[in-house]
Structure formats: structure tokens, C-alpha cells
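Accompanying notes for the structure given below.
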């Protein structure tokens with residue numbers, strides 16, 4: 001007797017094996033062709049094997065089984081591949097190509113050379129059977145070369161001082177270490193960034209040149225690094241910002257008004273607004289290249305980041321114009337996003353024999369006060385009908401839910417006292433939000449809920465994020481249907497009745513701190529921490545308890561006073577790259 005479940009499972013597995021085995025079928029190839037089905041590298045240090053494999057040409061890598069099967073399905077005829085009317089589906093077969101094999105072997109050898117294996121040899125071996133090719137890149141790395149001496153020469157003493165102060169303590173190019181060209185590139189990049197951050201606007205990476213002397217006996221080399229001066233000047237120039245120009249373009253519309261112009265002679269700043277809808281001070285706060293300062297690549301990138309994070313501009317461009325031998329004018333050019341937007345959403349719902357719909361409208365204003373403040377108003381209404389209820393359409397409503405919300409985001413900290421606006425590591429924000437909900441369910445429950453909050457968020461450093469909500473005000477009025485309430489009491493659900501059939505007024509404060517949140521997508525080692533402190537409940541109850549005021553039973557019964565509480569949540573994690581797992 002056949003055991004059908006086991007037989008069906010065995011037959012399914014067999015069919016799948018036969019299916020995928022045929023996905024890389026070579027029967028459509030000519031006699032002088034071979035399909036690449038396996039590629040490997042042997043003899044490479046494990047730490048470099050994965051990187052070495054990236055230098056193998058994609059044209060000689062094995063095909064995806066599914067993609068090749070799709071290609072074979074639509075581009076074969078009479079046992080051969082089509083030469084005309086080829087459909088662009090799937091993936092064409094990767095055929096053995098000796099030129100690509102030699103090119104890949106040379107690329108692998110050059111990669112190993114850059115890692116200090118100057119005498120590395122790569123010999124590809126190819127085996128072909130039944131029109132299927134296996135490629136094995138056999139590597140003989142040889143002895144890696146070590147750095148013996150490093151000779152650095154600077155034609156400009158100021159550059160030498162910057163290098164010794166900012167680059168040398170962090171460089172990985174050191175004596176008695178294995179040669180690695182990537183370390184030299186990293187040192188050149190560090191010097192380039194340091195020079196640009198110190199006012200050297202014209203400095204380029206090509207001014208630093210490195211030479212390798214391998215004529216020494218044994219696997220040793222000497223490095224000779226030269227930092228040259230410009231060919232048309234004796235020294236590198238430091239550039240200072242002279243004047244700042246801000247221009248807001250009128251994108252896509254024609255304005256009948258003349259552009260608004262504001263000149264601040266003290267700051268040497270000219271503001272031109274073709275839209276007549278922006279104020280210059282909220283924008284100037286995050287323009288970190290100002291008159292009198294030296295040019296800095298760091299401040300340029302920071303200005304780009306903060307201005308884009310304001311979410312009010314389609315594009316932000318910065319152009320530098322040389323005004324004098326060592327002066328720069330900065331031109332900020334803004335193209336704003338559409339000022340207003342409206343989005344309507346709708347959906348039909350069906351559940352347990354009941355049907356209904358949800359409809360929502362979201363209105364957004366991206367520059368309500370002239371400083372890229374974001375206003376968002378959301379309205380949502382949902383209704384669910386029960387056909388089993390008697391009466392007309394209005395009598396068949398099982399529940400309905402109405403929600404309204406307002407969210408206002410201001411790209412700065414709005415506090416009643418003077419504070420440094422910050423923005424060095426992230427855009428500070430003040431967020432005011434308010435939500436109202438009206439919910440009714442037939443002969444069961446009704447709820448009126450209102451919550452409003454004021455939140456401040458900012459970055460202390462690049463990896464330290466703070467979120468402080470000094471005010472969280474909420475009011476809730478829940479009512480159970482009298483018959484439903486009595487039924488719950490009879491069945492012993494007094495706690496449920498006490499929790500939901502009441503009014504509640506709460507006033508609280510929340511604080512959240514996150515460490516290394518930006519590093520969650522990186523591959524480096526780091527510690528992640530998230531801590532939340534929630535001080536909430538009924539503040540009136542706290543005040544009355546501290547002051548030892550007499551209790552009013554009627555008021556307590558009417559407002560269902562909730563006791564004050566403090567809640568702490570902490571999450572601490574350690575992240576280690578997968579390459580270092582053991």
C-alpha cells in the first residue's frame with residue numbers, strides 16, 4: 001500500500017531537483033561553447049578571499065538558475081538559441097571566454113599587488129565536461145612586503161604642521177607594517193579633508209604623491225611621500241569668505257511682485273526672495289559659511305545637510321566665486337518645494353461578514369511661517385456596517401471612528417530663553433502635535449480621546465540624540481453601554497469595567513536618549529543604547545499627595561484619579577561585524 005503523503009513529498013522533491021538541474025541546461029549551446037557553472041579562488045589568505053572574488057568578471061560567473069531558465073524558455077527555438085527577436089527577460093548564459101578569464105586573473109593579481117604581495121602569481125585552470133566549464137584561479141601569493149622606512153617631504157611648512165597635527169596621529173601608514181595601497185589612499189584623503197577644512201579651497205588630492213622603493217634586499221620597501229606646491233604659486237593659499245548671497249528661486253510659477261531684497265551690511269549678506277514667502281534669519285541660522293570666516297569643507301557639507309533636513313527645498317546649491325587673491329564669495333541658491341499639498345486616501349474593508357470604508361485627507365503646508373515650518377493636518381473617518389442589524393442603513397452602523405490630528409514641526413528650538421540653536425550634528429526640531437478621536441460602537445462602547453504634546457529633539461554630538469517632551473496632556477472619556485456594562489459585571493470583569501468606563505486626565509513628561517543610533521547600518525564595532533524615562537499619571541494626585549490636601553471623594557469618583565508613576569526603559573546592545581564572528 002502506498003503512503004500517499006510520503007510519496008507526494010518524495011515526488012515533489014524529485015521534480016524540483018530535475019527542474020533546477022535543467023535550469024542551467026547546456027543543450028542549446030554549440031559544440032565549441034561551454035557554460036560556466038563554477039568559479040573559485042584557491043590559495044588566497046582568508047581575509048582577502050572575499051575581496052578577491054569581486055575582481056572576477058561578471059561575464060564568467062555562474063548564472064542564476066531561475067534567471068537562466070526564464071531566458072531559455074523565451075529565447076530558444078528548435079534546440080538552439082535565437083539570433084533574432086531576442087526577448088529581454090531572464091539572464092543570457094555566461095559562456096566560457098578565455099579573454100575574460102585572463103582579464104580576471106590579471107585583476108586579482110593587481111589587487112594582491114596593492115596589498116603588498118608584489119610577487120603574487122595567479123594561474124587560471126579550466127576544466128570542461130559536457131559543455132560545462134569549471135574555473136579555478138590558483139594563487140601563489142608569495143611573501144608580503146613590509147614597510148621599512150617612510151620619508152615624507154613637504155614643500156610648505158604650514159601643510160607640514162597641519163599634517164603632523166591632524167593626520168599623522170590617525171594614519172595607518174607606519175613602519176614595520178605590511179604595505180597596503182588602501183592605507184596610502186586613506187592618508188591622502190585625510191590630508192585633503194584637513195587642508196580643505198583649514199581654508200585651502202584650491203587644494204586637490206593630486207598634490208600628494210607616493211613612491212615605492214622595492215630595490216632593497218628581502219621583502220622590504222621604503223615609502224617616499226611628497227606633498228607639492230601648486231605649479232603656478234610658491235605656496236598654497238588660504239581663502240576667506242568675503243560676501244554671502246542668498247537667492248530663493250521662483251520655481252514653476254510666475255510672480256507679479258518684485259523680488260524681496262534685504263541687505264545686512266554688518267554680515268555682508270544679500271538676501272533675494274523671488275517667492276516673497278521666506279524669511280532670511282531662519283535660513284541663515286544653518287548657513288555656516290559666513291563673512292570673515294575661512295573656507296571649510298566641513299562647514300560646507302554641514303550647511304548642505306541642515307538646509308536639506310529642513311525639508312522645504314527641492315534643491316540647495318552652493319557656488320564659490322573668487323573675488324580676490326584670497327577672497328571667496330558664497331552664493332546659496334535655493335529652489336523651494338511646492339508650498340502646499342493635499343492627499344486623499346480611501347479603502348474598502350470587509351471582515352467577519354461586515355463591510356465598511358475608511359477615508360482620509362492629509363493637508364500639508366511646508367512654509368507656514370516663512371522659515372520652512374511644516375504643518376500637517378490629518379482627518380480620517382471610518383465606518384463599519386453590520387448587515388445583521390435591523391433597520392435602515394443608518395441603523396446598521398456597527399461602529400464609526402473619527403480622528404483629527406495636527407502636527408507642526410519648527411526647525412529650531414522654540415524656548416522662552418536664549419539658547420544656542422545648535423545644528424552642528426543634526427537639525428534641532430520643535431514639534432507640537434494634537435490628536436482627537438471620537439469612537440462609537442453599537443450598544444457596546446464609546447470613547448472620546450484627546451492628547452497634545454510639545455517635543456524638543458536635538459543632537460548633542462554626532463551619535464548622542466536627545467528627545468525631551470516637557471508636556472504630554474491627555475484627556476479620555478470612556479463610556480460603556482449600561483446593558484453591556486451590567487453583563488460584564490455579572491461575568492466578573494470588574495477590572496475591565498473600572499478601566500474603561502471612566503474619565504481620565506493626565507499630565508506627563510517624557511525623555512529619550514539614544515547613543516550610536518546612526519551606526520546601526522554600519523559595519524564597525526559599537527555600543528548601542530536607548531533609554532526612556534516617562535513621568536506620567538495624574539499630576540494633580542501628586543500635588544495633593546505632597547501637600548497632604550484633604551481628599552474629596554466626589555471629585556475622585558468623578559475624575560477617576562490615576563496615581564503618579566515613573567517608568568524607565570533601557571536597551572543596551574553590542575554590535576560586532578559578521579567578519580569578526582568566531
Kindly provide the set of residues from region 129-169 that are under 15 Å from residue 183 (Cβ atoms) and out of contact with any strand residue (DSSP E or B) (no Cβ under 8 Å at 6 or more places or on another chain), ordered by number. 167, 168, 169
Looking only at strands (runs of 3 or more DSSP E) that fall completely inside region 193-270, which ones have 3 or more residues that are within 30 Å of residue 114 (Cα to Cα)? 208-213, 220-227
For region 68-85, how many residues meet the condition of being part of a loop (DSSP other than H, G, I, E, B) and within 39 Å of the chain's Cα centre (by Cα)? 0
Taking only region 154-165 into account, find how many residues are loosely packed, with under 15 Cβ neighbours inside 10 Å and at pLDDT 95 or above. 3
Quick one: in region 11-30, of everything that is assigned to a loop (DSSP other than H, G, I, E, B) and over 20 Å from residue 135 (Cβ atoms), which residue is modelled with the lowest pLDDT? 22
Take region 119-175 and flag every residue that is assigned to a strand (DSSP E or B), farther than 30 Å from residue 63 by Cα and out of contact with any helix residue (DSSP H, G or I) (no Cβ under 6 Å at 6 or more places or on another chain). 146, 147, 148, 149, 150, 151, 152, 153
Go through region 527-547 and count every residue that is modelled with pLDDT under 85 and crowded, with 16+ Cβ neighbours inside 10 Å. 8
Only one of (1) under 29 Å from residue 436 (Cα atoms); (2) at pLDDT below 90 is not met by residue 489, so which one is it? (1)
The conditions are (1) assigned to a strand (DSSP E or B); (2) buried (at least 16 other Cβ atoms within 10 Å of the Cβ), and residue 452 fails exactly one of them. Which is it? (2)
Just the residues that are over 21 Å from residue 224 (Cβ atoms), surrounded by 14 or more Cβ atoms within 10 Å (Cβ to Cβ) and touching a strand residue (DSSP E or B) at 6+ places or on another chain (Cβ under 6 Å), please, taken from region 110-125. 121, 122, 124
For region 289-321, how many residues are over 23 Å from the mean Cα position of the chain (by Cα) and either in the same structural domain as residue 192 (by TED's automatic domain parsing) or in contact (Cβ under 8 Å) with a residue 40 or more places away in the chain (or both)? 9
Residue satisfying condition, being in contact (Cβ under 8 Å) with a residue 60 or more places away in the chain and within 21 Å of residue 232 (Cβ to Cβ), within set 159, 193, 150: 159
Taking the conditions exactly as written (more than 26 Å from residue 111 (Cβ to Cβ) and within 39 Å of the chain's Cα centre (by Cα)), does residue 157 satisfy them or not? no
Report yes if some residue within region 186-198 is at positive phi and outside the structural domain of residue 117 (by TED's automatic domain parsing); otherwise report no. no
If you take the residues in region 465-485 that are touching a residue at least 12 places away in the same chain (Cβ under 8 Å) and over 22 Å from residue 535 (Cα atoms), which one is surrounded by the fewest Cβ atoms within 10 Å (Cβ to Cβ)? 483
Being within 26 Å of residue 294 (Cα to Cα) and either surrounded by fewer than 20 Cβ atoms within 10 Å (Cβ to Cβ) or not assigned by TED's automatic domain parsing to the domain that holds residue 269 (or both): is that true of residue 224 here? no
It is to be established whether one or more residues within region 106-118 are within 42 Å of the chain's Cα centre (by Cα), closer than 19 Å to residue 36 by Cβ, in contact (Cβ under 8 Å) with a residue 40 or more places away in the chain and in a helix (DSSP H, G or I). yes
Need at least 3 residues that are surrounded by 14 or more Cβ atoms within 10 Å (Cβ to Cβ) per element, so show me which strands (runs of 3 or more DSSP E) inside region 319-416 make the cut, counting only ones lying wholly within it. 327-336, 354-365, 374-385, 397-410
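The values are calculated or read from the model by the stated rules, or taken from the named source; none is laboratory data. These numbers were taken from a predicted model, which means no experiment stands behind them. Quick reminder, even Gly has a Cβ in these numbers, built from the backbone with ideal geometry, and neighbours come from all protein chains shown.
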